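K.L.:
So that we are looking at the same thing, I have put the structure below in structure tokens.
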Amino acid sequence: MTNNSLSDTLNHTAETYVKLVLSVGQHDENYVDAYYGAPELHDAVKSEMKSLSDIKLIANTAVKNLQSLDVKKEEEIVQLRHQYLQKQLQSLVARVEMLGGKKFSFDEEAKALYDATPPKYPEKHFQKILSEMDGLLPGTGSVSARYDEFKKEFIIPKEKLDVVFQTAIIECRKRTKKYIELQANESFTIEYVNNKPWSGYNWYKGNGFSLIQMNTDLPIYIDRAVDLAAHEGYPGHHVYNSLLEENLYRKRGWVEFSVYALFSPQSLIAEGTANFGIEVVFPGVERVEFEKKNLFPLAGMEASKAEKYYKIHELFLKLAYAGNEAARGYLNGTMTRDEAAEWLVKYALMSPDRAQQRTRFFDTYRSYVINYNLGQDLVKAYIEKRGSTPDKPQKRWEEFKKLISSPRLPSGLI
Ligand SMILES: [Zn+2]
């Protein structure tokens, strides 16, 4: 078949994919994270209201068509596109089956939806990290309670939240712009909200614009400022979405990038790059230096305590996989909600309130939790394998940019 008919077939399948994602959105309000394609198409889908079994049938046929294509001689990005459409559609089928009542185990679901296999860690893995923290934290009692106590000094006062966040965002944007050309009109707005199962969310609206929402139900610690600015903003979700929109959707006309299906392999890349982006934008000690000079004083905190705070924070981050274990147990039915929350307090060092909030996150987003930590580790390994270590910032940014501008999948990172 000629190149033209191949790209016609891919374009046609891509349009089918967009319609299917929007159709699943009719059955699952959390499925469509962003859509900035033609509104007429969305209207048409709404009026059709396809059943789950019709969606599944069409998706399976589209996958079969893709599998019959030979793309071996195509340029890499076309091969990636071909793979991407297949995996996104297969994941969509799995989500449709879940909506129809099919039960997956935590690991089956992670594989089916996110194209990845989460590792399993025994309790002693976390106990080892806790014992390291034990030696650094003052006071007596459980590590979790002492960690909570230690962090109290580092809560950003409510009236200072916005100025601290805006300062972190300006810096992340400035640093990102040095290496990545951003859309001329890109921007975002921050809103402070309550009663959500997440702590922050980027709603990408298209044309380079994001709405970032911050949940202020629970205390917000100083590390969240750079985390939020980098993860939700620069070079995280906001940049990721705007590069896909600009490079793949607008310039190449690949319509599958006018929609973002939340429960799909794309999310592992999105969350993984957003988390890894924090150390790309602030390599090594640069983060602590910036925060000591700027954020700590703005938040009214003692700058001399920044090093200790981040030393402990780094250990805390190593406990991230404890959250997966709680989600696995809770979703597989081997832990009750209270047991999962208890585990989160003990091994993920969450306050009891935050642990309860997290179990509500499990209710809605389920195995999505793997996208943050496993995603980050896969992205980091992929980028560092290409010779881009923290001491080579130029190369690291180049690889990072390449990854967030292409349709690479989780299994393609390994
Ligand atoms: Zn995120």
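The values are calculated or read from the model by the stated rules, or taken from the named source; none is laboratory data. This one's a predicted model, so the numbers in the text were calculated from it and none came from an experiment. Note: ideal-geometry Cβ built from the backbone for every residue, glycine included; neighbour counts use all protein chains shown.
K.L.:
In the stretch 196-215, which residues are of a type in the set (G, A, S), more than 13 Å from the ligand (Cβ to nearest atom) and out of contact with any Phe, Trp or Tyr (no Cβ under 6 Å at 6 or more places or on another chain)?
P.N.:
Within the stretch 196-215, just G208 meets the criteria.
K.L.:
Another one. Which of the following residues is away from the ligand (no atom under 11 Å from the Cβ), touching a strand residue (DSSP E or B) at 6+ places or on another chain (Cβ under 6 Å) and of a type outside the set (K, R): Y249, Y234, Y260?
P.N.:
Just a single option satisfies the conditions, and that option is Y260.
K.L.:
Taking interchain pairs and intrachain pairs at least six residues apart, which have beta carbon atoms under 8 angstrom, with the first residue in the stretch 191-207 and free of Cβ contacts under 8 Å to residues at least 24 places away in the same chain and the second among the charged types (D, E, K, R)?
P.N.:
N194/D217; N195/D217; K196/D217
K.L.:
Also, I was wondering about something else. Of everything in the stretch 204-219, what is under 17 Å from P39 (Cβ atoms) and surrounded by fewer than 17 Cβ atoms within 10 Å (Cβ to Cβ)? Give them in sequence order.
P.N.:
Once the filter is applied, which keeps residues that are under 17 Å from P39 (Cβ atoms) and surrounded by fewer than 17 Cβ atoms within 10 Å (Cβ to Cβ), the stretch 204-219 yields K205, G206, N207.
K.L.:
Still on this model: Can you tell me which of A348, A299 is modelled with pLDDT of 95 or more, under 22 Å from the mean Cα position of the chain (by Cα) and either more than 16 Å from the ligand (Cβ to nearest atom) or β-branched (V, I, T) (or both)?
P.N.:
Step by step, each of A348, A299 is checked, and only A348 is modelled with pLDDT of 95 or more, under 22 Å from the mean Cα position of the chain (by Cα) and either more than 16 Å from the ligand (Cβ to nearest atom) or β-branched (V, I, T) (or both).
K.L.:
Could we say that R146 is under 16 Å from K346 (Cβ atoms) and in a helix (DSSP H, G or I) here?
P.N.:
The answer is yes for R146.
K.L.:
While we're here: For the stretch 315-330, does any single residue satisfy the condition of being away from the ligand (no atom under 16 Å from the Cβ), more than 30 Å from L248 (Cβ to Cβ) and assigned to a loop (DSSP other than H, G, I, E, B)?
P.N.:
yes
K.L.:
If you go through the stretch 26-56 one residue at a time, how many are in contact with a strand residue (DSSP E or B) (Cβ under 8 Å, 6 or more places away or on another chain) and either aliphatic (A, V, I, L, M) or without any contact (Cβ under 8 Å) to a residue 40 or more places away in the chain (or both)?
P.N.:
Our first condition is that a residue be in contact with a strand residue (DSSP E or B) (Cβ under 8 Å, 6 or more places away or on another chain); within the stretch 26-56, this holds for 31-37, 42.
When the remaining residues are screened for being either aliphatic (A, V, I, L, M) or without any contact (Cβ under 8 Å) to a residue 40 or more places away in the chain (or both), the result is 32, 34, 42.
The number of residues fulfilling the criteria is 3.
K.L.:
F290 fails exactly one of the following numbered conditions: (1) within 23 Å of Q127 (Cα to Cα); (2) buried (at least 18 other Cβ atoms within 10 Å of the Cβ). What is the number of that condition?
P.N.:
In the conditions (1) within 23 Å of Q127 (Cα to Cα); (2) buried (at least 18 other Cβ atoms within 10 Å of the Cβ), F290 misses (1) alone.
K.L.:
Check the stretch 129-149 and report whether any residue there is at pLDDT below 95, surrounded by fewer than 14 Cβ atoms within 10 Å (Cβ to Cβ) and within 15 Å of A229 (Cα to Cα).
P.N.:
No, that holds for no residue.
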